[in-house]
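Right, one structure below, let's go through it.
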Amino acid sequence: MLTRLQLLLVISATLAAPILAQHRLHNEADESAESHPWMNAKLSPDERADMVLKEMTLDEKISLVHGNGMPGWGKPRPNAYLGNGGAGFVLGIERLGIPMIQMSDAAYGVRSSGENGRYSTALPSNVAAAASWDPEAACAYGALIGRELRAQGYNMTLGGGINVTREPRNGRTFEYQGEDPILAGTLVGNRIKCEQAQHVIGDIKHYAVNDQESGRNEVDSVISKRTMRESDLLAFEIGIEIGNPAAVMCAYNAVNGDFSCENKYLLTDVLKKDWNFKGFVLSDWGGTHSTVKASAAGLDNEEPLDDFFGEKLKEAVQAGKVPMAELDDHARRILRSEFLSGIVDHPMQKSVVDVEGGFETSRRIAEQSTVLLKNSGVLPLDRGTVRSIAMIGPHADEGMISGGGSAQVDPPGRPPAHWQEHVWFPTSPLKAVRERAPGVDVRFDSGANPATAAALAKKADVAIVFAYQWTSEGMDLPNLSLPDKQDALIERVAEANSRTIVVLESGTAVTMPWLEKVSGVLEAWYAGSKGADAVANILFGQVNPSAKLPMTFPRREADLPHPHLVTPPPGAQGQAAVMRTGEAKPTFSVHYDEGLKVGYKWYDSENKPVLFPFGFGLSYTTYAYSNLKIKPGRETSVSFMVKNTGNRAGMEIAEVYAGLPANTGEPPKRLVGWSKIKLDAGESKEVSVTIDRKYLSIYDENEDAWKLVPGTYTFMAGGSSQDLPLHETVNMK
Ligand code: BGC
């Protein structure tokens, strides 16, 4: 006979059983934790990966090293239903407790929310966020994307773009973090660190020298080893060191003759050996060109399908053309990444995205990213004296433009965006300005007819023109001019009203033939879900601007290292052209002969004046620099005083540059560090910046090593690359 207590226990256990079973469905690792020794989270990711690998069959290993398709990429596979609607997925190994990898693009927010009936926050574009020069903002950026990925059922990001801006007409400039490898690498590293901390596999891309979109699948980037290591690759090196991403995406283009995803120098010699990268390399979508060569070069995972890393790889392993140890290495790296990022220990848990929290983060980062380029005293707008404002510009009543391609975030309240559609986010400048100016007569004109826009401007105390330049993956800009006759519109408005402010919504630098005629210019970039609020807060002085340009704005295209964009010659595009010899070969080249002279390093070396220099940005207050002290050593310490000499609080990005000894052949100076400091009106602070030895070194091609060249180093500090009042030289060895 059962006692009453025993009976109660039996009943409650019976009732609980289905609940537990259901729970396990969502949390399968719980069950496996008891049965599989590698589920012990105290073991290292390497130990755990090794243990799983020993249990795996050849087919299971193969299933780990390729994707299973992407919606819209050819005919769906029978197992397409297992995907989460993202750019790709890798099957899990259920019997061993290894989950599927669900990948999504997530450059400035999670992609494809439209098709999938979900919601994503749009952050300011990546180049915008780089203008904050703020590792904490980069962390908040990554953490938000990580959370939204998981909420939507993804456990891997394909964000983390970091190609340095060699070519400002590159249509993907907005997805990257500007022209300086130390700034870009530091920011992307912090983004990845915090994104991956949300238990998603982090990614950095496109490795490497994918610096233009024109002919991206056919082009050979020809570049010297030293140049690469000190510029394009240095950004990756720093990003990987700080962020420890579990994945690196190799690029579409070739580098020095070999396609990136079968380039042994890039994938094995540099990434895996020299940098000791322990994660996995996945190909850009359709960027794999071979089986044996790519595998030997160090590609670990083909996306989005298995043209080379499916059946063909299996056969190559069975035939001894690809050693089993090589396949094991690919599989081990993927498993290790799953353990490292925590996707095994923290199984997917969908949830509702924090919409309001996302707005708050997006606005805050936009406020830190909007660069005040010109102010002849018109800003901040004084609500006491401004009685009327003319708001001009296409869509300035309804929204702000966003960047296209695989980075595109879908705005709420409308159907999913088509590829390369111009998408205006519903963040209305008109509404934001009206909200901050009660009692002020704020009127709108789209600018479609410059005459009516000018007439409206003439009657107003202030005119604000919202101008845009749309860019996207899969295209480069023909030039840096504003499209759609916006230059002429701005000229007309500025003639009608001398108090004209231009707000730029751009993905890269723009030329400004009207600059002398306007009173104010704000670079708002692609400003994200709450861009209009951020811009309005700056216009009315609720926020004191602090952002600085992460890239040079040249005066004209003729001043660029490549005045003419190198585009594919006739017949050079397409798979057939690449495979003409039977082996994949690039069909045309871009010679990066400017070498180390990227961005400001080019304009400095060539003595070319620019429109706005790298590191430039105004504030509503002013700062003074003094008392530079250098302590050379293993790590060099640079300190100086910064004083807020104006009458309102602000944040100053204090920049430190170094000029290397003349015999190094380096450009005149390079950014080596910075500090972002908050200063009340009249306040002074000592700033101390520690400089990594590598940042003062050159890459010696003959020795294949970084080397600090003994000699005289000049340290400079100040508020932009062309405003460096403090100089000090020291001898270093
Ligand atoms: C892009 C990648 C992207 C991938 C998946 C490619 O076209 O170059 O950046 O992650 O597609 O959408």
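What to note about this one:
- FRET E, pair ASP50, ASP345, Förster distance 25 Å, beta-carbon r, rounded to 0.05: 0.90
- Helix axis angle, 181-196 relative to the chain longest principal axis, alpha carbon, degrees: 50 degrees
- Amide H to amide H distances under 5 Å link GLY88 with MET103, where only residues 5 or more positions off or on other chains count and H is placed in the peptide plane.
- Backbone HN-Hα couplings from phi across the range 98-107 [Karplus 6.51/-1.76/1.60, Hz, Gly and Pro as x]: 9, x, 6, 9, 10, 9, 9, 4, 6, 5
- Evaluating 6.51 cos²θ - 1.76 cosθ + 1.60 at θ = phi - 60° for every residue in the range 398-414, the Karplus couplings come out as 10, x, 10, 6, 10, x, x, x, 5, 7, 3, 9, 7, x, x, x, 7 Hz, glycine and proline recorded as x.
- Note on ARG387 and ASP59: the extension gain reaches 110.8 nm, defined as 0.36 nm multiplied by sequence separation minus the Cα-Cα distance.
- Within straight-line reach of LYS601, meaning a Cα separation under 16 Å, sit the following lysines at least 8 residues removed in sequence or on another chain: LYS669.
- Compared with the dominant Cα axis of the chain, that is its longest principal axis, helix 486-496 is turned about 30°.
- Label-point gap, in nm, between ASN79 and LYS321 - each point 7 angstrom along Cα→Cβ: 2.3 nm
- Counting only DSSP beta bridges whose two residues both lie in the chain, roughly 60 percent are antiparallel.
- Summarising the label geometry, the points placed 7 Å from Cα in the beta-carbon direction at ARG443 and SER697 lie 6.5 nm from one another.
- Principal axis dimensions, largest first and in whole angstrom, of the range 527-620 by Cα: 62, 38, 19
- Across all Cα atoms of the range 637-733, the radius of gyration (one decimal) and Dmax (whole number) stand at 15.4, 54 Å.
- CD proxy at 222 nm, helix term only [per DSSP H run n ≥ 4: -39500 (n - 2.57); per residue of the chain; nearest 500]: -8500 deg cm²/dmol
- Taken about its Cα centre, the chain carries a charge dipole of roughly 1320 debye when the Cβ of each Lys and Arg holds +1 and the Cβ of each Asp and Glu holds -1.
- Within straight-line cross-link reach of LYS278, aspartates and glutamates at Cα separation under 16 Å, skipping those fewer than 8 residues along the same chain: ASP46, GLU47, ASP50, ASP203, GLU237, GLU241, ASP269, ASP300, GLU326, ASP328, ASP329, GLU338
- The stretch between LYS631 and GLU435, if pulled fully straight at 0.36 nm per residue, gains 65.5 nm over its current Cα-Cα span.
- Pairs spanning more than 20 Å between alpha-carbon atoms, out of LYS374/LYS530; LYS273/LYS707; LYS629/LYS733: LYS374/LYS530.
- Placing a pseudo-label 7 Å from each Cα along the Cα-to-Cβ vector at THR452 and LYS264 gives an inter-label distance of 6.7 nm.
- Computed extension gain for ASN40 through ASP307, at 0.36 nm per residue and net of the alpha carbon distance, reaches 92.6 nm.
- PHE588 long-range amide H proximity, modeled H, under 5 Å: ASP220
- Karplus 3J(HN,Hα) series, Hz, for the range 373-384 with 6.51 cos²θ - 1.76 cosθ + 1.60 (x for Gly, Pro): 8, 8, 8, 8, x, 6, 10, x, 5, 9, 5, x
- One quarter of the convex hull surface built on the alpha carbon atoms of the chain amounts to 37.2 nm², the projected area averaged over directions.
- Here the relative contact order of the range 221-353, from alpha carbon pairs under 8 Å that lie six or more residues apart, stands at 21 percent.
- Under the combined filter of DSSP loop state and at most 15 neighbouring Cβ atoms within 10 Å, the range 374-479 retains these trypsin sites (Lys or Arg not before Pro): ARG383, ARG387.
- GLU356-ALA705 FRET efficiency (beta carbon distance; Förster radius 56 Å; 0.05 resolution): 0.65
- Long-range HN-HN contacts of GLY178 with modeled amide H, under 5 Å: THR165
A short reminder: the numbers here are calculations on the coordinates, not readings from a lab. All values reported here derive from a predicted model rather than from experimental measurement. Positions of Cβ are backbone-derived with ideal geometry, glycine not excepted, and every protein chain shown enters the neighbour counts.
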